Amino acid sequence: MRSVLLAAAVASIAVPAAAQPIAVGPSINVTGPSGQVARFDLAALAAMPQAKVVLSAHGETHAYEGPLLIDVLAKAGAPTGSAIRGPEMADVVLVTAQDGYRVALDLAQIDPGVRADKVILADRVDGHPIDAKDGPVRLVVEGDLRPARSVRMVRSIAVVRAGEWGMTPASR
Ligand SMILES: Nc1nc2c(c(=O)[nH]1)N[C@H]1C(S)=C(S)[C@@H](COP(=O)(O)O)O[C@H]1N2
Ligand SMILES: [Mo]
C-alpha cells in the first residue's frame, strides 16, 4: 500500500515536470494574469525581436539589448496594445531578482502604444552576455532619471490584476 502511494506521489510530481519545456541554462519564470507560467531561457529570449536601450548608471553608459518586456509578457497571456483598457489599466508587473530586489511597473506604461520609452529584458550588454553580477538577464527601463527600476539578475516576473484587490464598495 505504501509503495502504491509513493508511486502515485512520484507520478503526480513527474507529470507536470515532463510537460514543461526543458530550459537550457538559467531561465526566468513569467506568470501571466491568469496564472499561466511561461519559462524563458537565454535561447528563447535571443530568438525574439531585439530592441536596444542605452543605460547610464553611476557615470557609466552601456548599450543593452533584448526583447521588449511586453512581448515576453504577451507569451504568458498578458494583454497588449488596445487590449490594455478598463480593468487591465490596473495590471501590475512585478519583477523579482536573485537578491530579493523587487520592482513594480504598470503594464500600460511598458506598452509601446502608450509610451515611447522602451522597457526591455536584456540578455546582452555592449554586444556580450551580461555577467553574473548584473545578469544573465537585466530589466532595462529607458528614460528613468535614476536607474533604480533596471533590475539586475532577474529571476521571475508576474503580471498581477491589482484592479481585483480588496475593492469594497466603500473604497471604490
Ligand atoms: N537586483 C538588483 N537590481 C538592482 C538593484 C539592486 O539592489 N538589486 N539596485 C538598483 C539601483 S538602486 C540602481 S541605481 C541600479 C544600479 O545599476 P548599475 O549596477 O548598473 O550601476 O541597479 C538597480 N537594480
Ligand atoms: Mo540606485
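Read-outs throughout are calculated quantities, based only on the coordinates presented, and are distinct from any laboratory measurement. Fair warning: this is a prediction, and the values are worked out from it, not measured in the lab. Please note: Cβ atoms are built from the backbone with ideal geometry, for glycine as well, and neighbour counts cover all protein chains shown.
Give me the extension gain from Asp117 to Val103: residue separation times 0.36 nm, minus the current Cα-Cα distance, reported in nm with one decimal. Don't jump to the answer; show the numbers that get you there.
Details: separation 14, 0.36 × 14 = 5.04 nm, distance 1.72 nm.
Residue separation times 0.36 nm, minus the Cα-Cα distance, leaves 3.3 nm.
With a ≥ b ≥ c the root eigenvalues of the C-alpha gyration tensor of the range 39-172, is it rounded (a/c under 1.5), prolate (a/b larger than b/c) or oblate?
On the way: a/c = 1.84, a/b = 1.70, b/c = 1.09.
Taking the square roots of the gyration eigenvalues as a ≥ b ≥ c, the range 39-172 is prolate.
To make sure I understand, if each residue's beta carbon is the centre and we count other beta carbons within 10 Å, what order do Thr80, Thr61 fall in, fewest to most? Walk me through the intermediate numbers first.
Numbers: Thr80 17, Thr61 9.
Final ranking by Cβ density, sparse to dense: Thr61, Thr80.
Which trypsin sites (Lys or Arg not before Pro) from the range 93-155 combine a DSSP loop assignment with at most 15 other Cβ atoms within 10 Å?
Values: sites: Arg102, Arg115, Lys118, Arg124, Lys133, Arg138, Arg149, Arg152, Arg155; in loops: Arg115, Lys118, Lys133, Arg152.
Within the range 93-155, the qualifying trypsin sites (Lys or Arg not before Pro) (loop, at most 15 other Cβ atoms within 10 Å) are Arg115, Lys133.
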